[in-house]
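Just below is one structure, and these are the notes that go with it.
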Amino acid sequence: MKIHEYQAKRLLAKHGLSVPTGHVCTTVDEAVKAYESLPTSLCVVKAQIHAGGRGKGGGVKLVRNAAEAREAAENILGMNLKTHQTGPEGQLVRTIWVEAGSDIAKEYYIGIAIDRELCTPVMMASSEGGMEIEQVAAESPEKILKAPFSPSEGLGRREAERLAKGIGIPLDLLGQATDYLVGLAKVFCELDCSLAEINPLVSTTDGQVLALDAKINFDPNALFRHPEVEALRDLNEEDPAEVQASKFDLSYITLDGTIGCMVNGAGLAMSTMDVIQLYGSEPANFLDVGGGATRDKVSEAFKIILADHKVAGVLVNIFGGIMRCDVIANGVVEAVKQVQLSVPLVVRLEGTNVKQGRDILEGSGLPIITASDLDDAAKKICQAVKTAAGDNS
């Protein structure tokens, strides 16, 4: 789960980590009042969307008086901000953050992510603040220092100080910077984060260490432990189909292809998408209905797939272990009856109650194409879509 920059900064401040003073605004008048209340004449007006690259897209403006603050707010609020992370469709800006300017001496990068090989969090630090860490890794990997640490014990002060020294933090700010790295690691572990990134972390000419920008993501599987974090979720920033799917405990991600997929199990879903590509088509989604889906859950999954206007065909691939094939079949039949199916549908069932499931599909009287295995299913759906489009090659 992602949150906005201003929400991340509030969490940092709550845990004793320094951030610039700022105010969240949803109207132009609020932005002007926010500017007038801040202690510096130089301020920053920043679009709040769940994407990086906001400055390059025109979503971050420096302002020096109330008139400039008004103009910046008028330009940013309501804009469809396009960055390298939003894609060409962009993202509507509904909220802005008006923040006091800082007299920056030097910019740094610090961040924490999970190292899948080490199976532990890793603190990363670099002297190249303000740059995308991927670019630094590609061009100057020696400038990224790392320190794995235990989630139960946190980042030790000795390791934190080593990182701070290694990225060139001045000696007079070494204590502050060490505290900051230790504190960020504590936030990461206590709140079950999947990513915590401050870029840039800055030292100021008046001797402060501040987070000028902050990005924090959370493990969705741990949100039940953190209702205060879950309350920060902004549904406006998420794909409506993915939001709808989450209400039914469906793992769903929209993709760019034309073959809708409904599968049980993440590994089988990935294999299904690979085989679809093998036969010359592209998946329109990743959808895992899980091992204990009910008929209603399957029916809802089917509706979500068909709501995507790009979908030209649907492949249902179920291996029934815990999941029963007759439950899947009933869910598919019910969904097809409720929606006006106008695209080819291929269903491959195998496992528990497979004969009952196949009998339900064949006896439904609906235009459902059955398949014997995954290879057969992928071949049939790709060909059916081509035929429906008038391509008989």
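The values are calculated or read from the model by the stated rules, or taken from the named source; none is laboratory data. Given the structure is predicted, the values throughout are model-derived calculations rather than measurements. Heads up, the Cβs are rebuilt from the backbone with ideal geometry, glycines too, and the neighbour counts pull from every protein chain shown.
In the range 119-127, the condition of being within 23 Å of Ala8 (Cα to Cα), in a strand (DSSP E or B), among the polar types (S, T, N, Q) and touching an Asp or Glu at 6+ places or on another chain (Cβ under 9 Å) is met by no residue.
Kindly indicate which of Ile144, Ile167 is in the same structural domain as Ile114 (by TED's automatic domain parsing), closer than 21 Å to Ala105 by Cα and over 25 Å from the mean Cα position of the chain (by Cα). It is Ile167.
Residues considered: Asn353, Asn330. Of these, the only one that is free of Cβ contacts under 8 Å to residues at least 40 places away in the same chain, touching an Asp or Glu at 6+ places or on another chain (Cβ under 7 Å) and more than 20 Å from Tyr252 (Cβ to Cβ) is Asn353.
Can you find a residue in the range 238-246 that is modelled with pLDDT under 90, within 23 Å of Ala51 (Cα to Cα) and not in a helix (DSSP H, G or I)? The answer is yes, given that some residue of the range 238-246 is modelled with pLDDT under 90, within 23 Å of Ala51 (Cα to Cα) and not in a helix (DSSP H, G or I). Residue pairs whose Cβ atoms lie under 8 Å apart, separated by 6 or more positions or on different chains, with the first residue in the range 102-122 and closer than 16 Å to Asn217 by Cβ and without any contact (Cβ under 8 Å) to a residue 60 or more places away in the chain and the second part of a strand (DSSP E or B) and charged (D, E, K, R), are Val122/Asp115; Val122/Lys146.
Criterion applied to Ile104, Ile76 was being out of contact with any helix residue (DSSP H, G or I) (no Cβ under 8 Å at 6 or more places or on another chain), surrounded by 20 or more Cβ atoms within 10 Å (Cβ to Cβ) and of a type in the set (A, V, I, L, M, F, W, C), and the one residue passing it is Ile76.
The condition of being of a type in the set (Phe, Trp, Tyr) and within 23 Å of the chain's Cα centre (by Cα) holds for only one of Tyr35, Tyr109, that being Tyr109. The number of residues in the range 181-235 being in a strand (DSSP E or B) and in contact with a His (Cβ under 8 Å, 6 or more places away or on another chain) comes to 1.
Yes or no, residue by residue, for (1) over 29 Å from Pro240 (Cα atoms); (2) more than 31 Å from the chain's Cα centre (by Cα); (3) buried (at least 21 other Cβ atoms within 10 Å of the Cβ); (4) not assigned by TED's automatic domain parsing to the domain that holds Thr272:
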residue	(1), (2), (3), (4)
Val289	no, no, yes, no
Ser299	no, no, yes, no
Asp308	no, no, no, no
Glu334	no, yes, no, no
Thr352	yes, yes, no, no
Gly357	yes, yes, yes, no
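For the range 157-169, residues that are surrounded by 15 or more Cβ atoms within 10 Å (Cβ to Cβ) and not in a helix (DSSP H, G or I) total 2. Identification of strands (runs of 3 or more DSSP E) wholly contained in the range 248-366 with 3 or more residues that are over 24 Å from Gln383 (Cβ atoms) yields 251-254.
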